[in-house]
1. Could you list, in sequence order, all residues of segment 250-286 that are closer than 30 Å to residue 211 by Cβ and in a loop (DSSP other than H, G, I, E, B)?
2. Does residue 70 count as at pLDDT below 85, within 32 Å of the chain's Cα centre (by Cα) and hydrophobic (A, V, I, L, M, F, W, C)?
3. Of these, 356, 314, 367, which one is of a type in the set (Val, Ile, Thr), touching a helix residue (DSSP H, G or I) at 6+ places or on another chain (Cβ under 8 Å), open to solvent by less than 50 Å² (accessible area, probe 1.4 Å) and over 23 Å from residue 405 (Cα atoms)?
4. Going through 538, 554 one at a time, which residue ends up being surrounded by 21 or more Cβ atoms within 10 Å (Cβ to Cβ) and over 27 Å from the mean Cα position of the chain (by Cα)?
5. Being outside any helix (DSSP H, G or I), free of Cβ contacts under 8 Å to residues at least 60 places away in the same chain and closer than 18 Å to residue 399 by Cα: is that true of residue 370 here?
6. For segment 220-233, what are the residues that are within 17 Å of residue 504 (Cβ to Cβ) and touching a Gly at 6+ places or on another chain (Cβ under 8 Å)?
7. Output the residues belonging to segment 247-282 that are surrounded by fewer than 21 Cβ atoms within 10 Å (Cβ to Cβ), over 22 Å from residue 200 (Cβ atoms) and of a type in the set (Val, Ile, Thr).
8. Working carefully through the options 410, 400, find the one that is part of a loop (DSSP other than H, G, I, E, B), under 25 Å from residue 442 (Cα atoms) and among the hydrophobic types (A, V, I, L, M, F, W, C).
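The values are calculated or read from the model by the stated rules, or taken from the named source; none is laboratory data. Predicted model only: the values in this text are computed from it and were never measured. Here the Cβ positions follow ideal geometry from the backbone for every residue, glycine too, while neighbour counts run over all protein chains shown. When the accessible area is computed, the model is the full protein with side chains, heavy atoms only, and any ligands, DNA or RNA have been set aside. Shrake-Rupley method; radii C 1.70, N 1.55, O 1.52, S 1.80 Å.
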Amino acid sequence: MATITANPKSQSLRELLQSLAPLTSEELDRVFAERQQRQKSLVELIVATGKVTEVVLLRALAEKLGLQFVHLSDVELDRNVIAKLPPKVVFQHMVVPLKADNGMLQVATCDPFNDAARTTVGWVTGQRVELALATREEIEKAQKRYYGVGAETLDQMLAQSGTLDIPSGEEITITDLDEASQEASVVKFVNQVIWEAKHDRATDIHIEPLDDDLRIRYRIDGALIQTPVPAVLKRFQAAIISRVKVMANMDIAEKRLPQDGRINVRVGGEDIDIRVSTVPGIHGESVSLRLLSRNTNLITLEKLGMAAEDEKMVRRLIIKPHGIILATGPTGSGKSTTLYACLSAINTIDQRIMTVEEPVEYQLRGVIQIAMRPDIGLTFATGLRHILRQDPDVIMVGEIRDLETAEIAIRASLTGHLVFSTLHTNDAPSGFTRLTDMGIEPFLITSSVEAMIAQRLVRTICPACKVEDKPSEEMIELPGGLAEKYRQTKFYRGVGCEACRKTGYQGRTAIYEVMLMHERLRPLVVDRRPATELKKVAVQEGMRTLRDDGMRKAALGLTSLEEVMRITQEDEAFIE
């Protein structure tokens, strides 16, 4: 390996860099000056000029310096080798140990001119150090994969003496917990977990105490993914959970009853609302955090991904002077996003729109939005009752949960208001049976409800690993005669890569089922007929089912057949 000093006055270094990156002498002077002032990586500063990419520069440097260039995502590292370097050194100097052989330790770095890293690694391990080059992004992913989120922080916590190392099974005083939750290392670790979750596009964080482990899982694109954490994390369970409860203004002394709280944080310049819930388990309190971004751009009707025919129906519905439009689906299926898109489309100067929500997820300019406060008696029913005295044209109720709210919403629709709300049901026809189960008279339902819009979220195929998919005969022989319609269609799937965490999916889109209140449906609803019978009539009247819409999106290459079949399993009984 060729050795070149990182001294900016070194002629060999300047000649090397100018031969690899098209920089002028003045530009190179500025890079060296900035390196001295900001103590940043020489490679990082050269890449920041925009004259060369990191991969191209590192490959060229590897060839010139006689080093190996590695793709860490393609390498499975030995845990025994990983253990040779403590997290503090790995994270501080941005390195990852690759292999050890005969007193030599090979480490991957993204800066071959970082002499301090080589010196520190050699001093800590007592071995000769050989460098290999890898991109910063791949090194960061490898650090997280093999050392876990917050490994460096936990390293510092282990080095501290005193209150932090609290075994979760022992008796702990409130003073101990309060002091531990305020320790800088604990604060930093919890912040790292939240930052990682936001960076990975997670909607939820679950901190789950097990018998011999403290598991942290993120929900990304609707799927739960366990995030790597250091093995010693269990030792700091009490301090970590107490820190979350302190941030959410919860009672850290109460561990026997469930609690709810809220955290407002700013991550990467973005304001995040976090709803926190704790429940007592046999191994400690389980903590769930729901991440809600306040800066998320509002999705318009055009971008919801509805079929053209369904979008036309929805646009006709939302300009009606009165009636109820209900979005149905399980928790986290995007119902609120759809309703916000509808409100945004009719939010004009001549419309007075008011909402009652828990929480207010999007802020709509010109719309009066009321956040629920059940602790002081401000419930959906109470808020809705008072809204009717405010002369609204359009009302949105976050969710119809009980008979009282449903009755007020129906009364509002029958007295000249357009009402939007959500219901937790599996499909559109089940919304009618859900209302009757609540105690609403069927004739009131047929007089007020204009439509049920059911939806689900399906994962979209990762563009980085998308390949054509040839479904099996069992998969293509779909019930209901769909096989012939799609037999010549090209379908796709993701094989899994680093960009999508080996899942084959990245992001989500919605599939819809828009069910209008047709004349043929009214007598069936009044007679309290089952949802399957309502669905058959709706399909005869032209309704596209969730599976139909999912198949359409699979045929467009947005999602996979397997994902559609998984999400719309309830359609199988109806189709057959």
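1. Correct list: 250, 251, 252, 253, 254, 255, 256, 257, 258, 282, 283.
2. No; evaluated as a whole, the condition is false for this residue.
3. Answer to the selection: 314.
4. 538
5. In short, yes.
6. Step one: of segment 220-233, the residues within 17 Å of residue 504 (Cβ to Cβ) are 220-225.
The answer is 221, 222.
7. 252, 279, 282 - these are the residues of segment 247-282 that are surrounded by fewer than 21 Cβ atoms within 10 Å (Cβ to Cβ), over 22 Å from residue 200 (Cβ atoms) and of a type in the set (Val, Ile, Thr).
8. 400
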